[in-house]
Every structure is written in C-alpha cells, then in structure tokens.
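The values are calculated or read from the model by the stated rules, or taken from the named source; none is laboratory data. Being a predicted model, the structure only gives us computed values, none of them experimental. Virtual Cβ from ideal backbone geometry, glycine too; neighbours counted across all protein chains shown.
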Amino acid sequence: MELIATQPRFKYVNEPLHPDHLVACNIAQPPASLVWNLLLPHENRKKVLKSYIQSIEENRIHIGEPRFMSDCYRLLTNRIVFKILRAKDLIGWFQDVFGWQVIFLIRHPLATNLSRKQFPRLDLFLNNEQFVSKFLTTEQFKFSRQIQSHGTQLQIGVLDWCLQNLPALKDLENHNWLLMHYEDLISQPITEINRLVNSLNLSHPELISQRLTKASGSTAQSDRSTRDAFNSLATKPSSNFLLTKWREKLTPSDEENAFQILDAFQIEMYCRGSNSPVRRVPPFSCDGSVI
C-alpha cells in the first residue's frame, strides 16, 4: 500500500478492517474477539462491510487516512488504495462489488512467523462453522486442532498463516489479481515495480523506487541490521541479507515440521530449502512443473 500511496492523487486508507477502526466507527463493539467474529463468515457480514466501505469511498467516514501534510497526504485525490489484511476470503467479493483492482502481496510463511509469539485469532477461525465447512476438509480441521494443541510456536504460526491465506490462495486463479511476492520485491525490484506500474497505470515509478528503500511501518520493530539493509536495498548483498536473515533462527527439523502443515493444506507456492516462491498460478510443484 505504501508503494502505491506515493503516487499523485491517491488517497490511502490503512487497514479499514482493523478492530480499532471498526470500533471507532461503531461498526463493531470490543473486545477484539467480537470484532473478529464480525469479520469471519456470518449471515450479515457482507451487508455490514458493504455499507462501511461505501461510506469510506464516499468520504462519509474518515479512518486510516494519512495525517495532514504527512508524506502520503494528498489534498486532491481521485483514486483510493485500501490496505486489507483481514477477511481475505472476501477479496474476490470486494473486487466484484466495488470494482477494485487487487494487488495480492504475500511473504514466505516461515519468515513471517518465526518471530511471532501470539496467535489470538486461530481459535476464532477454527470455531467458525461456516469458515471450516467452506475451506477445510474434515482431515484438515482435525489436523489443525492437533497442531493447535501440540504444535511448536512456529507450527502454530504457520497454521495461522494457512487459515488466513488459504481462501485467497484458492481464489487466485479465478480472478485477475496481480500476485506479488515480498521476496521478488527485494530480489528484483525494478521488474516488480514495472509490473505494479503497468497493472495500475501509475505515472511516477521513480517515487515507488524511492519508497521501496524505506522499511514499512511494520518493519519499525526490526533490528538495526534489517533497517540498514532496506536503506541500501539496491545492492545485491543487502537483498540477499533480507531474503536469508530469517534462516538464522531456523533448524532443518523446524523447516520440515512447518512444511508438513503447508503440505496438509496443499499450499505449494513455497518449497523446502528455498527462500523464494514458485512464482506462478495455477500452483506449481517444487520442480516447476504444473500440478
């Protein structure tokens, strides 16, 4: 989102489905578990979220917008970019209802979860009967409960990643989304910026290049070496560092146990021993052949 928000006349809306924003707009009531119950499948979900998003698009609700005169603030706008991290099973529905162009950005599940310690939404997914019946087989549900009860912290994190991303990954080949990988943005930034520019018809790619060398807001928690690597991303050593640094915390048995979870959900976008994804839809096997 931050890359697109560099462009003139773009208004960005940061995480409109964040629980704090939904509570602030009286769309949901605390605690966070109740907010997540709103975001997970239920009878009135689409009706509530449609009205909410329409209110944002029509400037009747202002939430998640940049501060006045900040880098991404625009006085005059005619396009909106939404950063959506939740309710990923609705991405296709959002596209159909609002005519959105979808950029689906994803990162290696092991790199994403090695440092996570809490997974408060996991039980909410597995307790939601509509989600389970639509997206999981009986075997996958039983396996998920087993990992939830007896898995390592990394296994539980990868399971959480699977439950959140599985609906969108299943839907990728049914929609004209632009699939982008964090790893590709790091290893081949010019190619990926060109894909983004061409997909959205953006006018100032040089602004995206400048922004890419800055860590995102979520990277503010990273250590000094990671922030320094972002600042010198144009160099090959820095890109290699960012792509491989997470493996310092990983043992071969950790990786194998985590990939057994990906195998159970038939997610073959990533392969054992590799830092980068297999970059195609429909799914490819680890040797590059079509499944």
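Going by the structure shown, is D96 touching a residue at least 24 places away in the same chain (Cβ under 8 Å) and of a type in the set (D, E)? No; evaluated as a whole, the condition is false for this residue. One residue stands out in the stretch 187-223 among those that are under 11 Å from L3 (Cα atoms) and among the basic types (K, R): the one that is modelled with the lowest pLDDT, namely K214. Among residues of the stretch 1-52 being small (G, A, S) and over 19 Å from the mean Cα position of the chain (by Cα), the one that is farthest from H204 (Cα to Cα) is S33.
All of (1) within 21 Å of P277 (Cβ to Cβ); (2) touching a helix residue (DSSP H, G or I) at 6+ places or on another chain (Cβ under 9 Å); (3) crowded, with 17+ Cβ neighbours inside 10 Å hold for L172 with one exception: (2).
Listed by first and then second residue, the pairs linking a residue in the stretch 1-15 that is part of a loop (DSSP other than H, G, I, E, B) to a residue that is among the small types (G, A, S), with Cβ atoms under 7 Å apart and 6 or more places separating them unless they lie on different chains, are E2/S216; Q7/S203; P8/S203; E15/G64.
Condition test on T112, is it surrounded by fewer than 17 Cβ atoms within 10 Å (Cβ to Cβ) and among the β-branched types (V, I, T)? It is false that T112 is surrounded by fewer than 17 Cβ atoms within 10 Å (Cβ to Cβ) and among the β-branched types (V, I, T).
When restricted to residues that are outside any helix (DSSP H, G or I) and either modelled with pLDDT of 55 or more or under 15 Å from R272 (Cβ atoms) (or both), the stretch 234-256 contains 3.
Per-residue answers, yes or no, for (1) surrounded by fewer than 18 Cβ atoms within 10 Å (Cβ to Cβ); (2) closer than 17 Å to L114 by Cβ; (3) under 18 Å from the mean Cα position of the chain (by Cα):
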site: V158; (1), (2), (3): no, yes, yes
site: L166; (1), (2), (3): no, no, yes
site: N176; (1), (2), (3): yes, no, yes
site: H181; (1), (2), (3): no, no, yes
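When every residue of the stretch 136-154 is checked against the conditions, at least one turns out to be more than 21 Å from the chain's Cα centre (by Cα) and of a type in the set (A, V, I, L, M).
Any chance the stretch 29-36 includes a residue that's at pLDDT 95 or above, farther than 30 Å from L243 by Cβ and either touching a His at 6+ places or on another chain (Cβ under 7 Å) or not small (G, A, S) (or both)?
Within the stretch 29-36, the subset at pLDDT 95 or above is none.
No, that holds for no residue.
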